[in-house]
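The values are calculated or read from the model by the stated rules, or taken from the named source; none is laboratory data. This one's a predicted model, so the numbers in the text were calculated from it and none came from an experiment. Here the Cβ is made from the backbone with ideal geometry for all residues, glycine too, and neighbour counts use every protein chain on show. Just the protein is used for accessible areas: all its heavy atoms, side chains included, with ligands, DNA and RNA removed. Shrake-Rupley method; radii C 1.70, N 1.55, O 1.52, S 1.80 Å.
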Amino acid sequence: MAHSITGARFAHADGYTAVAFGRSGEFICTGGSDSLVRVFQASRAERDQEAITLEQHTDNVLSLAASQSKVVSGDEEGMVYSFDVGEGAGGRLAVDAAGTVLRAALPARDISISSSERQVAIATDDDKIAVVSLLDMAPLHMLEGHRGSVNSVSYSPDSAFLASTGCNGSVRVWDMRESEPACVSVTHKMAYVCEPGRSQSQSKARWSPDGRFVAVPCGDHAVRLLERGSWTVAAELGGKHAKMITHVAWSANSKYLASVGLDCQVVVWDVAARAAILSHTSAEPLCQVDWNPQANMLAFTDCAGALYVWDDVIPIEKGHAAPHKTAKPAPHAKPRAAELASELFDDSAAVDNGGDGEGGDGMDVDGSDAGGDGDGDDDGADDLGEALDDFVVDDDDGGYAERPAAPQWIPGGGPQTRAFQPGATPWSNGRRYMAFNMVGSVALIAQDATHNSVEIEFYDKSLYRDLHFSDTFKFALAALSDAGCLFATTTKELANDQALRSGPDADEPSVVSYRSFASWAANSDWIFKLPPKEHPRCIAASSHGAAVVTSLGMLRLLTCGGVQRHIESLPNRAVTCVARADLLLLVFEALGSARSTAGARAIEYEHVLMTMDGQTRIAAGACPVSPSAELVWAGFSEEGHPATYDSKGILRVLHRYWTARDAAWVPVLDTLRLSRERNRREYFWPVALSARQFIVAGCRDKMRHPPFPRPILDELDLDIPLLATDTHVGQQEAKCLAMRLFCEQEHAEAARTGGDHAAAQARDDLEQDKLLLRLIQLACKADKMQRAVDLAHMIKLERSLDAAVKIAVHQKLTALAERIMRIRDSRSAEDDSEADAGSELESEDEAAHVVAPDAHRPRRNRNRPPTVTYGRGPGSGAADDAGEGPDAESTSPPAPGGMVATAAAAAAAASGEDRLVSRPPRPPVAPKPFNPFGVAAPSTSMEIHRSDSFFNAADQIGSESSAAASPAPAKRLSSSGDAASAPRKQPKTGPARDRAQAKMSAFVFKKPSAPPAAASGDDDAANGSVNGDGANSDDDAVGA
């Protein structure tokens, strides 16, 4: 059927005129400069009937929005009214006033109703967007961020996002799923730049019904499609309009887009083909346009107040698909439970399913329509959705059959899982961060279709100098470490960034390139091409190498020099990866994850912690996030803790991962609670983590990403979310727990890597005990003795327990002091028992290397240590064995240098046995005469005191030798050490010579040669020291 356009129906006076279809397609509402809102029947048969006129407004009506059962309108005075649409008497359309939604100080330029009809967003001439509840007309949110008047607002079909444009040309996207909506994307000077105050010179942006794109009229008279998620331009429709485009509207199936402008043209675009298929020129500049959601019908208005209706817009007979969803009966419909199960577990379902059956995409943005016969009846998912809508029959007039279909849950955890790089941001004004950490930042700057520019800016300028180079590969991923930077190209689907590649370039092999920062090694950079159809999902780099996780489920590990040292297969659902030193953290989306078409999420994650060489799995298991949250960052703390951060603002660390059975994710900070305590609306972009602080980049104006140039970083003190943290005791407990966590991590990491951590551990134990003592003091003041005892059990140092006793005594808590003393005594006893056990183990270890004494010895002497003799001959040794002789009860330690001959060795030599003789066992604990050099007892009777030194003993030997040549009888040293009973030393002349000779005589054990003739005063002393008797006293000395 040929298309036709009705004649002008002047619904309002000259001026700006708004138009909107109800979602049921039954009525058209208009608003004009005569302060009236009119509601017309949409069908051809009833279109010419008298319209319903609403006269609540007192000024020009500038904005309209219609849903299934509501109409909301705003005027130039800032008054916004709500109307209920229903069925009146005789089945006719009825519209009733529902109340005042908002009283703004400035004109209301645009209105958008959420899909649930519970909220409405209103754009006014100030820089704020008001979000109001349609249930009780209460204000919900005030979105701040635009710098100037706001032209348009538009909810996504699932109400998860809200798009808005400003007079300065900026386009903002707001995440409405959070309790406090925040801006997730800003694109500056994309839309028309205009002066506020005149609706006719302003443009409106609109979401597509499938939720994939936002259509934005741009300053070059073209319409650009902003893709959801990446928030980058995915397609451009241009070349038809000669003047400003004022309004756009989508068909119900998102296949077509209609645009009107000041050049009096209505243009219909085929989005998949990116071409205009129809156009119509009017007599007056056009204001707004809208599609009928249930029919092949278009309505538009002009500046003269006229309404036009275009019937049969799309020429279906020429092979074009219908602009709306057509329902077909399902002759063999499955039960509802079976259909829902097939939808839930259908692997072909798309993550962002907007209702079309072509893989959930609805259209191919790259230019090919995946439809079949061209009549629009090939949309299998559309048919299924309509069958589900018709399945429930409203046989009791409950009205529930008219409700929108329930959101569909799409299973996750498959290859369609979207991966991300920690520290990466989307495009903003032709720039984006590819990596952002404490080493520095990697920024990508768009240049032209052939290349981009990469800037690497470091924080420590003394170690590195900033780098800038041209990127002809158009890298999409980057990982920055202190040793180098890893880059990779990938497809736009994996990178979630439509601006990375376009057209045939998406089929090119992906590239992985490493740029080394080592100045001493030349040619350290390397580059690899991946096999066809294998593209990087996420990458990581550290001082120990690089890791690449690909779309084929491959993990490729390389060294910093480019050596490929490991490859393995992984589940093809990796979300991100990050590396530090020799550790690599991999995060996967669990198979139980799911997302709904309404924006709800039930996502679960898993983690694997391994070494960078791929040889050791350290820990693996679940990686928890907050309910309905997603993972937005992963990294390592400075001490080596693996850490994650989710969209609900919870920071977690993996503690005790070195013992896999005890590993646990511990929350250490809640940034949303911190924002509430500060009474601010702020978002923190994670950068790094230390033992006491979370390093973030604060985002202004509700931005979700750091701006350019690189901002100053903020430091947030860690605050473990314990109970009662608003009290001093709760704060001290959180501080103590945080210190224990990170101290244990530091010591375990030092032990794992072989570092010395004894001094640091002692210091940390002391710091932890100080915090515990403060808590004990607070408990004593509050008379909570059981709490104080529990804290005393946590103390590590014994002197800290003594301090705890003093605190209890000072507070006059005797019973508590006794309890703490018991803890101290029991811990001391445990330490003593452990020390004894250690010494026994050491003795057993030594005894295992000692050969037992010779079995030829008598049984009663077998356990005695072997006796060592010096200068007493064979007979003295035998006498000792028999328990006789002067030294039968004493033994001497072995002489140094290995010159000791044990009795066991002598017996073995006598019997001719070839046995291994080891060192003798330890001597008994009983005190023995002090004899450090193993000096043999002289033939003459002499005792050496424990306090005497070897040199005094040598002097004594020389004195006795001199006394033997004189008439005075020799005397022994008293065992009691009495100086009066000891023989008096002879006065020596030439003491150096005589003393040296005496020492050599005792130590070398050979007869000293006669000294040269001395002076006349020394002749007697010299002769006395080397007489015949003295020489004979050394003849029996032998060395072992």
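Which residues, counting only those in the range 783-830, are open to solvent by less than 80 Å² (accessible area, probe 1.4 Å) and of a type in the set (D, E, K, R)?
R787, D790, D802, R824, R827
In the range 111-137, which residues are open to solvent by less than 50 Å² (accessible area, probe 1.4 Å), polar (S, T, N, Q) and part of a loop (DSSP other than H, G, I, E, B)?
Matches in the range 111-137: S114, S115.
If R38 satisfies every condition in (1) without any contact (Cβ under 8 Å) to a residue 60 or more places away in the chain; (2) surrounded by fewer than 18 Cβ atoms within 10 Å (Cβ to Cβ); (3) charged (D, E, K, R) but one, which is the exception?
(2)
In the range 710-721, is there at least one residue being farther than 14 Å from N437 by Cα, surrounded by fewer than 16 Cβ atoms within 10 Å (Cβ to Cβ) and touching an Asp or Glu at 6+ places or on another chain (Cβ under 6 Å)?
yes
Any residue in the range 181-205 that is without any contact (Cβ under 8 Å) to a residue 12 or more places away in the chain sitting within a Cβ distance under 6 Å of a residue that is of a type outside the set (D, E) and part of a strand (DSSP E or B)? List the pairs, counting only those 6 or more apart or interchain.
none
Just a yes or no: is a residue in the range 245-259 open to solvent by 30 Å² or more (accessible area, probe 1.4 Å) and on the phi < 0 side of the Ramachandran plot?
no
Would a scan of the range 584-597 turn up a residue that is at pLDDT 90 or above, open to solvent by 40 Å² or more (accessible area, probe 1.4 Å) and out of contact with any helix residue (DSSP H, G or I) (no Cβ under 6 Å at 6 or more places or on another chain)?
No - not one qualifying residue is present in the range 584-597.
Could you list, in sequence order, the residues of the range 188-201 that are part of a loop (DSSP other than H, G, I, E, B) and under 23 Å from G305 (Cα atoms)?
Scanning the range 188-201 gives C194, E195, P196, G197, R198.
Of the numbered conditions (1) surrounded by 17 or more Cβ atoms within 10 Å (Cβ to Cβ); (2) part of a helix (DSSP H, G or I); (3) of a type outside the set (D, E, K, R); (4) in contact with a strand residue (DSSP E or B) (Cβ under 9 Å, 6 or more places away or on another chain), L773 satisfies every one except a single condition; which is it?
Failed condition: (4).
Any residue in the range 57-82 that is under 17 Å from D290 (Cβ atoms) and among the small types (G, A, S) sitting within a Cβ distance under 8 Å of a residue that is assigned to a loop (DSSP other than H, G, I, E, B) and open to solvent by less than 20 Å² (accessible area, probe 1.4 Å)? List the pairs, counting only those 6 or more apart or interchain.
Here the result reads A66/G22; S67/G22; S73/H57; G74/P107, each pair linking the range 57-82 to a residue that is assigned to a loop (DSSP other than H, G, I, E, B) and open to solvent by less than 20 Å² (accessible area, probe 1.4 Å).
Just to be sure before I move on: is P667 touching a residue at least 12 places away in the same chain (Cβ under 8 Å), assigned to a loop (DSSP other than H, G, I, E, B) and of a type outside the set (A, V, I, L, M) in the structure I sent?
No; evaluated as a whole, the condition is false for this residue.
Tell me which residues, restricted to the range 266-283, are within 20 Å of A222 (Cα to Cα) and more than 51 Å from the chain's Cα centre (by Cα).
L278, S279, H280, T281, S282
Identify all residues within the range 512-549 that are small (G, A, S), assigned to a strand (DSSP E or B) and either within 16 Å of L570 (Cα to Cα) or open to solvent by 60 Å² or more (accessible area, probe 1.4 Å) (or both); write none if there are none.
Correct list: A540, A547.
If S149 meets every condition in (1) at pLDDT 90 or above; (2) of a type outside the set (D, E); (3) touching an Asp or Glu at 6+ places or on another chain (Cβ under 8 Å) apart from one, which number is that one?
(1)
May I ask you to list the residues in the range 754-766 that are assigned to a helix (DSSP H, G or I) and surrounded by 14 or more Cβ atoms within 10 Å (Cβ to Cβ)?
A760, Q761, D764, D765
Let me confirm something: among R652, R580, R617, R678, which residue is more than 25 Å from C538 (Cα to Cα) and not aliphatic (A, V, I, L, M)?
R678
Taking L140 and the conditions (1) assigned to a strand (DSSP E or B); (2) open to solvent by less than 30 Å² (accessible area, probe 1.4 Å), which numbered condition does it fall short on, given that it satisfies the others?
(2)
Looking only at the range 41-94, count every residue that is small (G, A, S), crowded, with 19+ Cβ neighbours inside 10 Å and part of a strand (DSSP E or B) and tell me the total.
So the answer is 6.
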